[in-house]
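The values are calculated or read from the model by the stated rules, or taken from the named source; none is laboratory data. Remember, it's a predicted structure, so these values are computed and weren't measured experimentally. FYI the Cβ positions are ideal-geometry reconstructions off the backbone, even for glycines, and counts take in every protein chain you see. In case anyone asks, the SASA skips ligands and DNA or RNA and just uses the protein heavy atoms, side chains included. Shrake-Rupley method; radii C 1.70, N 1.55, O 1.52, S 1.80 Å.
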Amino acid sequence: MTATRAATTEPTALSTPALLTSPNSVLANALLRSIDVLRPRIHASRPERIEFVVGTQINGAPHLGTNLVQTAAFLLAKIARREFSIDTRVRFGALDNAPHEVVLDPETHTAYQQTYYHALGTDGIAALIKRYYREFFDSLSEATGTDYIVETYTAQQAGPGFRAEFLRSLERLEEIRWWMAPSHGVVHVRLPCPDCGWAEKRGDRTRLVCLDEDGATFTAACLDHGRYETHVDPAAPDPYLDLATLYRNLVKERALGRNTEVLHVMMKGGDWAFGSQLVDGALGALLTPPGQMPVRIFTPQVLAHTGAKLSKSLLREHGRGVLPADVEPWMLDTTTWPGSTDNYVDALAWLVGELLGDPKHFFRSFTVKELGRLMNAHPADLAARPRAYEMGIYKRYFDLIATGAKTTEIRVNDSSRAKLIVGSLIRFRCRDEEVRTRVTRLNRYPSFDAMFDHESPTSVNPTATREEQLANIRQIYPPEREAVGVVAIGIELVDPPA
Amino acid sequence: MSTTSTTPDTGQVGPPTGGSALAAALAAAAEREARRYVITGGPSSGKDELIEAILNAGIPCMETEPGREIYRKHRERLGRHLLREDRHEYSLEVLQAFISEFSAHKSGIRFYNRGIPDGYGWDSFFGLGPTPQLEEASRLFRYDTIFVLDPLDTFEDPDDIVWAKDREIRRVHELIVQGYYDADYEPVFVGPNDAAGRLDFICANLRLPKPSREPR
């Protein structure tokens, strides 16, 4: 018997009293586990897949706050998959419409901007994503057994769903404009000049001149090419549609909300909680049905000791004096972490796991100094721990694995199993116990019946017949989950009993 | 962004002939001495939209800044954007256009898309002192009220980036405001709002009926 008491990341309220103390809050008080914040919507919509959507400006090296949101997305995807028996993945939105350069029109002094996409092109954007995020995401994906996709804003805005939603919003522009711009009601839309790609930064001279069933026609002005007219057709990927932050989120959330098969969970930094009130007002003005309202999870804000959000511009404006002297460089530029990417991801995943372990710890803010302290409090042997896939399991099966009696594990063949190979390590967990195994073989089948035609029932569970096992396993996996296929995983104990 | 699909007529407009309170007030004013009101402000202050709203309300107004046409003419001649050394000649020509506009108006209410003292701000932005011609014109040609539009933007990006160029926009705005003080005006500041709300504010200030309350 080699089951060990795990250094817990399980959601038990008393798991880490010495590490962290957090006061209660209204949200935390309503939840036993952080993941429960999604449960009402899961019950209501019964999605086939959950996607955790995390968008990031790609205009510079990420700081700790950025990576914290992303890590939370991967970990929640892992927990949700286990908790709800629904396939999950992470959708990373690379916001390549961030301004790359701003100039003033010498004639009017109106500001014009060029997006990262227009300045760098598709290959340049891909290189930026690779430089700042690819290795980090690959490592997170492996550590959490969670698949991910990357989608640029440029690709998103070119899609028919996004464009149709934008055009629908124009039909109710009068109702939404005060939500999108509460101080003056003037909504910014940027439609870059077709000749040079530069656009009025604040849409000062952009006018909607016609809106009908064929789309919307705008006029705008370019600093070099004068006035131009451009037409947004729902079926055409051009012209480029660069929306200001709130409007972009409104259109994105409306478009994603229409997909009834996939539940999109918007992962946002805690400071977005305030801005989302405006998006919600606009969603209401657009008569968005309750079942299509966005689900959002706000992650802990990372703050300077003054309470200001950690931001590079804060530092640029006021110097490092706004941060305690012991804030380490990697917190502001995580690519300078003094170790490997895997090492960084393991430490960060451990930290976010600890936060997620109690809603009181997760739904709150942290100073950057406190997060630094927590990061350094990770278990001493963390770096030495081999990467392993994690699987939760019922106690009766856990005990069979721990004694070496169960040598085949059965799972549905969802995205989290795609990267399993012979030799992979799997850590089975049951409450605060865990046991490590190594994959000895992998066989995929269309159904549990087909699987038992080829696999020995006694290797799966020596205490039950094939029929009993089929009945039990179908209690766990409903037909729609079985429909994605089945994988039989041969396992052996890494540390067999003496 | 504004919609213009429901307001197709944005050309030069005189007082409407309908029986609205505003039209009546404008018609009555037309018989009296000239009243000149300036709309000004820095870039991204919503000036173009307000001018459009003034015209759509049937209030006499200068549609485009004379400076824009003159700038394009100079640019075509030079084959490039204007540099500091080109500003002097350009400024004098713009000033002349403003004086002509001012002088051509003989009676009634008229709004102006920027005014003569805007020249102080723009010259100052380019590091130039005011010309004697500007000083004299500012003394001779006096507007009745100056409305300065507050900017519609904080000039900061949501992710905290503040572009150096955006700082220049703030500076242009501040220099324009200072120019009017230097010319001995007390501007009325028009807070951020949509064009209709701003026009109502301006009309209320001038004791004119509010266009938004006019029958449609």
Residue, farthest from residue A:74 (Cα to Cα), within segment A:129-158, restricted to residues that are open to solvent by less than 20 Å² (accessible area, probe 1.4 Å) and not in a helix (DSSP H, G or I): A:145
Helices (runs of 4 or more DSSP H) contained in segment B:118-216 and holding at least 2 residues within 14 Å of another protein chain (Cβ to nearest Cβ): B:118-125, B:164-182, B:195-205
For residue A:369: the one exception among (1) in contact with a His (Cβ under 8 Å, 6 or more places away or on another chain); (2) modelled with pLDDT of 95 or more: (2)
Total residues in segment A:204-220, condition open to solvent by less than 20 Å² (accessible area, probe 1.4 Å), under 23 Å from residue A:98 (Cβ atoms) and touching a residue at least 24 places away in the same chain (Cβ under 8 Å): 2
Failed condition for residue A:240, given (1) within 30 Å of residue B:75 (Cα to Cα); (2) within 12 Å of another protein chain (Cβ to nearest Cβ): (2)
Residue match in segment B:61-82 (condition: on the phi < 0 side of the Ramachandran plot, at pLDDT 95 or above and more than 10 Å from every other protein chain (Cβ to nearest Cβ)): yes
Test set (1) open to solvent by 30 Å² or more (accessible area, probe 1.4 Å); (2) without any contact (Cβ under 8 Å) to a residue 40 or more places away in the chain; (3) of a type outside the set (A, V, I, L, M) - residue A:188 fails condition number: (2)
Selected residue (only one of A:394, A:477 is within 24 Å of residue A:146 (Cα to Cα), touching a Cys at 6+ places or on another chain (Cβ under 8 Å) and not β-branched (Val, Ile, Thr)): A:394
Any chance residue A:232 is at pLDDT 95 or above and either facing another protein chain (nearest Cβ under 10 Å) or open to solvent by less than 40 Å² (accessible area, probe 1.4 Å) (or both): yes
Pair list, Cβ < 7 Å and 6+ apart or interchain, from segment B:38-67 residues that are over 17 Å from residue A:200 (Cβ atoms) to residues that are acidic (Asp, Glu) and crowded, with 20+ Cβ neighbours inside 10 Å: B:40/B:118
Checklist (1) farther than 30 Å from residue B:28 by Cα; (2) within 14 Å of another protein chain (Cβ to nearest Cβ) applied to residue B:113, failing item: (1)
Qualifying residue in segment A:277-294 (condition: under 19 Å from the mean Cα position of the chain (by Cα), outside any helix (DSSP H, G or I) and under 17 Å from residue A:66 (Cβ atoms)): no
